[in-house]
1. How large are Rg and Dmax for the chain when calculated on the C-alpha trace, in angstrom?
2. Which value at 222 nm does the chain reach when only helices count, each DSSP H run of 4 or more adding -39,500 (n - 2.57), with the total divided by all residues and rounded to the nearest 500 deg cm²/dmol?
3. Would you mind checking the radius of gyration and Dmax of region 311-443 based on alpha-carbon positions, in Å?
4. In 10 Å bins starting at 0, how do the alpha-carbon pair distances of region 230-274 split up by percent?
5. Return the carbon/sulfur percentage of the accessible area of region 11-168, one whole number, probe 1.4 Å, all protein chains in place.
6. Counting only DSSP beta bridges with both residues in the chain, tell me the antiparallel percent, nearest 5.
7. Determine the shape class of region 681-812: with a ≥ b ≥ c the square roots of the Cα gyration tensor eigenvalues, call it rounded for a/c under 1.5, and otherwise prolate if a/b is greater than b/c, oblate otherwise.
8. Provide the packing ranking of 382-390, 838-846, 850-858, i.e. peptides ordered by the mean count of other C-beta atoms within 10 Å per residue, highest first.
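The values are calculated or read from the model by the stated rules, or taken from the named source; none is laboratory data. Remember, predicted model here, so these are calculated numbers, not experimental data. All Cβ positions, glycine included, derive from the backbone under ideal geometry; neighbour counts span all protein chains shown. We work out accessible area using only protein heavy atoms, side chains counted, and drop any ligands, DNA or RNA first. Shrake-Rupley method; radii C 1.70, N 1.55, O 1.52, S 1.80 Å.
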Amino acid sequence: MSSITVKDVFNSMEYGPAPEARNLADEWLMAHGSSFGHYIGGAFTDPNAGEVFDSINPATGQVLATIAQGSAADIDRAVKAARAAQDDWAATPGHVRARYLYALARQIQKHSRLFAVLDTLDNGKTIRETRDLDVPLAARHFYHHAGWAQLLDEEFRGYRPVGVCGQIIPWNFPLLMLAWKVAPALAAGCTVVLKPAEFTPLTALLFAEITRHVGLPDGVFNLVTGDGDTGAALVAHEQVDKIAFTGSTEVGRIIRRETAGSGKKLSLELGGKSPFIVFEDADIDAAIEGVVDGIWLNQGEVCCAGSRLLVQEGLAEKFYARLKRRMQTLRVGDPLDKGVDIGALVAPVQLERIERLVEQGKREGATCWQPDLTLPEQGLYFPPTLFTDVEPSATISQVEIFGPVLVATTFRTPAEAVELANHTRYGLAASIWSSNLDLALDVASKVKAGVVWVNSTNMFDAAAGFGGYRESGYGREGGREGMYEYLQPDWTFAPRKETAAAAQPAPAASRADDLADDVAAVVDRLDLDADSDDDQLDDGFASFAADAGFGFEDELQPAAAEPEEVALPVTEPASVASSAEAEPPAIDATPKLYIGGKQVRPDSGYSYAVTSEQGAFLGEVGLGNRKDIRNAVEAARKASSWSSATAHNRAQVLYYLAENLSQRADELARFIDTMDDGGASLGEREVEASIRRIYTYAAWADKYDGQVHATPLRNVTLAMNEPWGVLGVVAPTDHALLGLLSLILPALAMGNRVVAIPSSPRAAIMAPLYQLLDTSDVPAGTVNLVSGNRDELARVLAQHDDVDSLWYCGSRSGAKLVEEESTGNLKPVWVIRSSGRDWFDPAAGEGREFLRRATQVKNIWVPYGE
Ligand code: ADP
C-alpha cells in the first residue's frame, strides 16, 4: 500500500487548463465583419471611411478587429451630435434618465459574459478579474447612478448639468473606466463623447450597441475610437464643456495646458505609486494576500496598485520569505484560463517599459527576486517581481512602473512610515495593515492619498469617491462627490453683465484705466522680474481694470505698452516717507505686506500709489514680487497648526474676528467709502455683509461634515473632507473687504492656510485687515497678504510647488495664465467668475460651493467583522 496522504495529493496536484469559451465574442466580432466605425448621433459610421488600425489580443498577437481612427472631423461631428442632444437630455425628467441608466445596468449584466470575454481578449487581463470585478462593478455604477438621476433635483438643488462632456479613458479597465465616466455624466443630464484607449476599444463599441438597444436618445452617448491625436482633438474642441480624463500624469499635464483659459471644467485621474504599509502587529496572512491583490491584480497595470511595500523592520525578513513562497504559487498564463492569476500585458510598449525599469532597478543596486515560473512562449508576459533593499529615492521607488513589480523598503516607526509613504509626487491610494485600529486610522489621516484602505486593498464601489491628491490628479469618481464633477451651480448660467462698465459711473473708468497703466508702467520701468513677460503683464493690468468693470481690455493694452506717457505713482522707500509727510493720505493707510504674522516691506523696496475711484490719493501699498510670494508660501507652509486645530477652535477664532470687525465697523465702512467714492456709499453694507460672512463660515467650520458611504461590503467607508494645505487666493477687484473675505474665510474654516493677493486697486484694505487678524488670534502665517500686480503674483502662486490649490478671480487671460502655469505640481485651479456674481448675495457669495472647493475628499475604507 502506498502511503500517500491528502497533503501529498494537494502538493502534487497540477492545474489542468480551464479556459473560458470565447465563441460568444468571436460570433459578435464576426457579426460586425470584425471591423468597426464610430458611434455618432445614434448610428455607426462606415468602418472603412477613413484611416483604421488593428486591435490585437496581447496574449496571442492575433488581430481581433479593425478599428476606425477618429479624425478631428469625426470628433467635430460627435461633439455636434452631443450638443444637439444636450438640452433635451438635460430637460428629461430625472426619473426617465434613471430608467435609461437602469436599463443600461441590466444590459451589462445580461451580456456580462460577452463583456468579460471581450475585455480579456482585448486587454490580456484575466477572465477571473473581468468576470468578478470589472463587469459587475460596471453594472453597479449604472445602478448607483440611476439613483442619482432619480434624486438629482432633490439632492443637488441649485445645480445644473455641465453640458457636453469629452471623456478619455485608458486601456487598463476598459469597460469599468467607461462606466465610471459615462454613468455620472448621463445621470447629471450631460451628453457624452467618449474616446476609449486605442488598445482596448471593443467593450466600448459593445456598450454603444446596448445604448442603441435600450433606446437612449440619439446623440446622448457618442463614441469616437482612435489614439492620442483623436483624444487631443476632443480636448481642443471648443463646444466641449468638460473634459474627464483618466490616464498618465504626462498626458494629464498636456490636457491641463491645452484646456487652460478655455473655461472647460476638468477632472484628472492620473498615475500613482501607492504605499502598502505593513506594521509588525498586522495579520500576516491577510497582509500577504493583500499584497498579491494590491500589486498583481491586473498584472499591476493599475493606477492605484500598492506598488511600494513598506514593512516594519522587525517583520521584514519573515514577511519577504512568506511573500516569496506565495509568489511561487502564482500562475501566469492564458488570460482566458479561469485558474490563471496574472495574464498578458496590454502591448509590447508596456512590456518594454517594465523590462527597462526592472533593469534600471538592478543597476541602481536593489535586489531583484522572481519566482521560478514557466511563462507561455507566445504573448506578452512578465513574471511577478519583488525588489528589496530599495532606496526610497531610487528610480523604481519613484516612477510608476505599471506592471507586476513590487518595490520593498523597511521602516522603523509610524512617523517614518508616513514620511516614506508621502515621499512621492503622487497621492492616489494607500493600504495600511495593523491590528491596532488607532494606529491605522492615525496613519490614514496623515497619508496624502485620495483613497486609503485599512487592512484591505483595491476596494472600489460606485457609492465611494475615487481620485487622487497631488500629482495623481483632481476630481472624484463615484459617490456624491463624483456627481459634482458633472454639475455646475445654477447662477453661473445667468447671463453675464453686458459690460460692467455700463453699470459704473463714468469717472470710475478713468480711474481704473489710470491705475492699470500706472502699475504696468511701474513694473515695466523697474524691470522687477527678469522672467516677466510683457504680454502677460499687459493682459494682467488690462484685465484687472476690465474685471472691475472699469474698462475694456482692448483699449487698455496699447496704453500699457506705452508706459513712458503715464505718470508713475511708484515711490522708493525714502520718498514714501517724505511723500507721506508732505501729503498725508486721505485715509491713514500705507500698508506693507503681511507675511508670517508680520508687516514686512516688499522685497522690491517699492510701493505703488492707490487712489480712490475719483482719483484722490489714498496712500502707498507695497509692490510685492516673486520673492515676497515665496516668503508668504513658506510662512503658510510652516503654519500647519491651523490645519490640525480642531474645527471648534477655528470657529472660535473666526467669531473673534467678527467681534473685532464689528467693533471697528464704522471706521471700516468709512474706509471703504473713501476708496469707493465713485458710486453709492456701500461701506456700511459691505462691513455688515462681511460680519455675516464670517459668522457663516464660523458656523460651517464644524458642520461641513464628511460622509459614511454605504458601500456594499462589510466595512465603513469614511469620506473625510480634508483641507488642501496651502491655498493661494486671488481676490476679486471690487468689494475690497467682502470680496477678499469671501475667499479667505471658507479656506480658513476648512483648515487651509492662505496666501492672498488682494484687489490691486483697493489693496489699501490690507492695513485694517491685518490689524484685525493680529487682534483676533489668527496664528502667524495662517493668512498672508501680498499686494502688487495681480496676475504677475498669481503666476508665481500658480508655479509654486508648495501651493496645493489656487483660487483665481480675475480676467480670462489671467485664468489661462494660471491654469497653464499650474501644471508643475498639477494643483487644481478654481477660476471664480466674479462678473455677474453678486458678492452680497449669500446664494452666490458663500456656502457649499466654496466649502467643497476648500477641501478634498479622502475615502478611508475600514472593514469590520470577525
Ligand atoms: P496610459 O497609456 O498610461 O493609460 P495615456 O495617458 O497614454 O495613458 O492614455 C490614456 C488615454 O489618453 C488614451 O485613451 C489615449 O489615447 C489618450 N491620449 C493620449 N495622448 C493624448 C493627448 N495628447 N490628448 C488627449 N488624449 C490623449
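1. Values for the chain (Cα only, Rg and Dmax): 29.2, 116 Å.
2. Numbers: 33 runs with 378 residues, N = 866.
Helix contribution divided over all residues of the chain: -13500 deg cm²/dmol.
3. Rg then Dmax for region 311-443, in Å: 16.2, 49.
4. 28, 58, 12, 2
5. Values: 3730 of 7020 Å².
The value for region 11-168 is 53 percent carbon and sulfur by accessible area.
6. Values: 40 of 97 bridges.
So the antiparallel bridges in the chain amount to around 40 percent.
7. Values: a/c = 2.21, a/b = 1.56, b/c = 1.42.
Note, shape of region 681-812 comes out prolate.
8. On the way: 382-390: 21.0, 838-846: 16.7, 850-858: 23.0.
Highest mean packing first, the order is 850-858, 382-390, 838-846.
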